[in-house]
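To start, the structure under review is shown below, and the notes come after it.
The values are calculated or read from the model by the stated rules, or taken from the named source; none is laboratory data. Note that the structure is a prediction, hence the values are computed from the model and not measured. Please note: Cβ atoms are built from the backbone with ideal geometry, for glycine as well, and neighbour counts cover all protein chains shown. Just the protein is used for accessible areas: all its heavy atoms, side chains included, with ligands, DNA and RNA removed. Shrake-Rupley method; radii C 1.70, N 1.55, O 1.52, S 1.80 Å.
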Amino acid sequence: MTSAPIEIRSAPHVQSAKTVETIMRNVVYSLLPICAFYVFQYGISALASIAVVTGACLLTERFFVRTGTQAGRLSDYSAVITGLLLALTLPPGFPLWMGAVAGIVAIALGKALFGGIGFNVFNPALIGRAFVQAAFPTAIATYTPSFLPGRFTEFIPSTLAWPLMIPADATAWLKAKNLDALAGATPLAKWKFDGVLVNADELLTSLSGNMAVGPSPLLILLCGAYLASRRYMDWRIPLAVLGSAALTAWLLFAFDPARYPNPFFMLFSGGLILGAVYMATDMATSPVTPKGMWVYGALIGLLTVVIRYYSGLPEGVMYAILIANAASPLIEKITQPVPFGRGVLDRVKKRATYPLNPGYISREEASAVTPKKRFLPNKPKK
C-alpha cells in the first residue's frame with residue numbers, strides 16, 4: 001500500500017485568505033478619492049505631480065525587479081502606493097523633476113536597498129520625502145493656497161521648472177492674484193512662526209479657500225475606516241497615534257493655554273491623519289504584535305507633538321514615523337506574547353490559553369521571493 005506524500009512546510013502554518021496583491025489593491029482604491037480631492041484643491045499642478053511621482057516609482061521598481069536586485073513585481077501595487085503617498089506629502093507646486101527624484105530615491109533607497117517588498121525597514125514614501133527635504137529645503141517649504149481661480153487651466157509657476165534650475169518664485173504670482181505671502185503658509189507654519197491659529201473645523205474638511213492645506217482629514221479617516229472594516233489595516237496603530245498625540249497636546253494645552261494650541265488643531269493640521277492611517281500602518285515597517293502596535297503608535301503620536309512644539313520645524317510626522325520604524329524590531333521583541341503554559345516570570349501557569357489571531361498576513365506570503373542580488377543581506381541564507 002502506497003502512502004500519500006507528506007508535505008513539510010515552514011511557518012506560518014495558519015495563513016489568511018488575503019494576499020499582498022489584494023491588500024495593496026484595496027489600499028490603492030481607498031487612496032483614489034483622496035488623490036481626486038487633492039486635484040480638486042490644486043488643479044493640474046497636483047495632477048501632474050501625482051502622475052510624475054507615481055510614474056518615477058513604477059519605472060524604478062521595474063528596473064530593480066528586472067535586474068534581480070529586489071523582490072516583487074509591478075502587479076503587487078506597492079510601488080503605486082508609494083508614489084501616491086509620496087505625491088500627497090509634497091507641495092502641489094513642487095517642481096516635477098524634483099518629484100521624479102523623490103520617487104526614484106523612495107524605491108531605490110527605501111525598498112531595493114533592503115531587498116524589495118516586505119524586507120524594507122523604513123517607509124519608502126517617507127524616505128523619498130526626507131531626501132528631498134534635505135536636498136531641496138526651499139522648494140519643499142513653498143506652498144500655495146488651495147482653490148485658486150484658474151487652477152485647472154494653468155500650472156503653478158514652480159511646477160514646470162527645468163531640471164537643476166531654481167524654481168520660479170511664487171510670491172509675485174500670488175500678489176498678482178491679490179493674495180499675500182501668508183496665504184501660502186501652512187496652518188502649522190502660521191502658528192509656529194506667526195502665531196496665527198486656524199480653526200479646527202476649517203481644517204477638518206479642507207474646504208476653506210486660500211489655505212495651504214492637504215486633503216481633507218475627514219475624507220482620509222473615512223477611507224481608512226473602509227480599510228479597517230475590510231481588515232486590510234489594523235485599527236490599533238492609527239488609534240494609538242491619534243490618541244497619544246491628542247493626550248500629549250491636551251496635557252500641554254492644560255498646562256499653558258496661551259503658549260500651546262488646543263489638541264484639535266494638533267490632530268487636524270499638517271499630515272498627522274494621513275501619516276497615522278496610511279504610513280504608520282505599513283505592514284513591513286510596523287510591529288505585528290497587538291501590544292507592540294499600541295506602543296508603536298503611541299511613540300509616533302508623542303514624537304510628532306514634541307517635534308512640532310520644540311524643534312525648528314513646523315511638522316514632525318515624517319521624522320516620528322521613521323524613528324518608530326527604526327524602533328519597531330525592538331518593540332516587537334519586547335511585546336512578544338507569553339509562550340503557552342508560561343507566566344510572565346517564566347513559571348508554569350495552569351489552564352493557560354493563547355489567543356490565536358490568523359488575520360495577520362505573513363510578510364513573505366503571496367510569492368514574495370528573495371531577490372537574486374541584494375545590497376544588504378538582512379536575511380540569513382538558506
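Summary table
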| item | result |
| --- | --- |
| From phi via Karplus (6.51, -1.76, 1.60), per-residue ³J(HN,Hα) for the stretch 82-96 in Hz, x at Gly/Pro | 4, x, 5, 5, 5, 5, 6, 8, 8, x, x, x, 5, x, 5 |
| Anisotropy class of the stretch 99-233 from Cα gyration tensor, a/c 1.5 cut | oblate |
| Heavy-atom SASA rank of ARG308, ARG231, ARG25 (probe 1.4 Å, accessible area, largest first) | ARG231, ARG25, ARG308 |
| Integer Hz, Karplus 6.51/-1.76/1.60 couplings in order for the stretch 141-150, x for Gly and Pro | 9, 9, 10, 10, x, 8, 6, 6, x, x |
| Efficiency of FRET between SER229 and THR67 - r from beta-carbon atoms, R0 51 angstrom, step 0.05 | 0.85 |
| Among the listed pairs LYS111/LYS192; LYS18/LYS111; LYS111/LYS291; LYS111/LYS190, those beyond 31 Å (Cα-Cα) | LYS111/LYS192; LYS111/LYS190 |
| Karplus 3J(HN,Hα) series, Hz, for the stretch 261-278 with 6.51 cos²θ - 1.76 cosθ + 1.60 (x for Gly, Pro) | x, 6, x, 5, 5, 5, 6, 9, 9, x, x, 5, 5, 4, x, 5, 7, 10 |
| Summed residue charge, Cβ within 15 Å of GLY270's Cβ, Lys/Arg positive, Asp/Glu negative | +2 |
| Positive-pole candidate from SER208, LEU251, LEU222, dipole of the stretch 199-270, charges at beta carbon | LEU222 |
| Gain in span if fully extended, LYS175 to ALA51, counting 0.36 nm per residue against the direct Cα distance | 41.8 nm |
| Amide H within-cut-off set for GLY116, under 5 Å, with H built and near neighbours excluded | ALA71 |
| Segment LEU164-THR19, extension gain: residue separation times 0.36 nm, minus the distance between their alpha carbons | 48.1 nm |
